[in-house]
Amino acid sequence: MSLHYLPPVKPSAIALGTVFNHGIELAVLSPLFGQTYQRAQAANTKEEFIRSKEASSAAVAWGTSLVGSALQSYGVGALINATGTLSYKGAAYLGALIFAATSAPTYLAQLLTEKRPADTVAVGATSKILETVGLSLFLTWWGTRTNPFD
């Protein structure tokens with residue numbers, strides 16, 4: 001497979017987008033990390049906590065969140081470049097389309113089929129909107145093109 005088919009995205013845009021997205025995901029995952037921190041304080045020794053299941057699951061959650069944030073930042077940046085989006089309005093539309101294609105069906109199913117509480121679903125939907133629309137607006141502001149004169 002050749003890498004020529006993958007659109008180039010400015011590395012700083014990927015890095016800053018990763019930090020942006022990872023911050024949003026950590027805000028959602030903070031209850032998990034808070035409980036893990038309390039268990040670490042209750043453990044007798046650091047070695048006992050490091051070998052515990054809570055520490056390994058928190059590390060896995062943090063690592064997968066970081067990798068997922070980087071991949072999502074590249075993907076949104078590549079879509080911005082591939083579509084030639086230059087305005088904030090276009091970036092908002094692109095982010096909304098990404099949200100509608102990837103997350104909206106899940107939240108509709110949670111509300112209508114699973115009958116989950118609306119406030120619980122709203123928290124997840126808000127974080128996903130920030131991860132899609134917010135990220136596309138942020139990356140448009142920062143710039144994603146490796147050579148803006150192309």
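The values are calculated or read from the model by the stated rules, or taken from the named source; none is laboratory data. As the structure is a computational prediction, the values presented were derived from the model and not from experiment. Counting neighbours? That spans all protein chains shown, and the Cβs are built from the backbone with ideal geometry, glycine included. Calculation scope for accessible area: heavy atoms of the full protein, side chains included, ligands and nucleic acids excluded. Shrake-Rupley method; radii C 1.70, N 1.55, O 1.52, S 1.80 Å.
Might you check whether a residue that is among the small types (G, A, S) and touching a helix residue (DSSP H, G or I) at 6+ places or on another chain (Cβ under 6 Å) occurs anywhere in the stretch 99-114?
Taking the stretch 99-114 as the starting set, the residues that turn out to be among the small types (G, A, S) are 100-101, 103-104, 109.
Filter again for touching a helix residue (DSSP H, G or I) at 6+ places or on another chain (Cβ under 6 Å), leaving 103.
Scanning the stretch 99-114 turns up at least one residue that is among the small types (G, A, S) and touching a helix residue (DSSP H, G or I) at 6+ places or on another chain (Cβ under 6 Å).
For the subset of the stretch 1-12 comprising residues that are modelled with pLDDT of 90 or more and part of a helix (DSSP H, G or I), which member is most open to solvent (accessible area, probe 1.4 Å)?
Among those that are modelled with pLDDT of 90 or more and part of a helix (DSSP H, G or I), it is P11.
Among the listed residues L66, L108, L97, which satisfies the condition of being assigned to a helix (DSSP H, G or I), surrounded by fewer than 17 Cβ atoms within 10 Å (Cβ to Cβ) and touching a His at 6+ places or on another chain (Cβ under 6 Å)?
Details: L108 fails: touching a His at 6+ places or on another chain (Cβ under 6 Å); L97 fails: touching a His at 6+ places or on another chain (Cβ under 6 Å).
Exactly one residue qualifies, and that residue is L66.
Restricting to the stretch 111-140, what's the tally of residues that are open to solvent by less than 40 Å² (accessible area, probe 1.4 Å), touching a residue at least 60 places away in the same chain (Cβ under 8 Å) and under 24 Å from L6 (Cα atoms)?
Going through the stretch 111-140, the residues open to solvent by less than 40 Å² (accessible area, probe 1.4 Å) turn out to be 121, 124-125, 127, 131-136, 139-140.
Those still in the list that are touching a residue at least 60 places away in the same chain (Cβ under 8 Å) too: 124, 127, 131, 134-136, 139-140.
Subset that is under 24 Å from L6 (Cα atoms): 131, 134-136, 139-140.
Summing the residues that are open to solvent by less than 40 Å² (accessible area, probe 1.4 Å), touching a residue at least 60 places away in the same chain (Cβ under 8 Å) and under 24 Å from L6 (Cα atoms) in the stretch 111-140 gives 6.
Answer yes or no: is there a residue in the stretch 79-86 that is open to solvent by 30 Å² or more (accessible area, probe 1.4 Å), over 21 Å from V28 (Cα atoms), touching a helix residue (DSSP H, G or I) at 6+ places or on another chain (Cβ under 9 Å) and not hydrophobic (A, V, I, L, M, F, W, C).
Yes: the stretch 79-86 contains one or more residues that are open to solvent by 30 Å² or more (accessible area, probe 1.4 Å), over 21 Å from V28 (Cα atoms), touching a helix residue (DSSP H, G or I) at 6+ places or on another chain (Cβ under 9 Å) and not hydrophobic (A, V, I, L, M, F, W, C).
Among the residues of the stretch 115-150, write down those that are touching a helix residue (DSSP H, G or I) at 6+ places or on another chain (Cβ under 7 Å) and of a type in the set (F, W, Y).
Passing the criteria: F138, W142.
When residues of the stretch 13-69 are filtered for being at pLDDT 70 or above and of a type in the set (F, W, Y), how many remain?
Adding up the residues that qualify gives 2.
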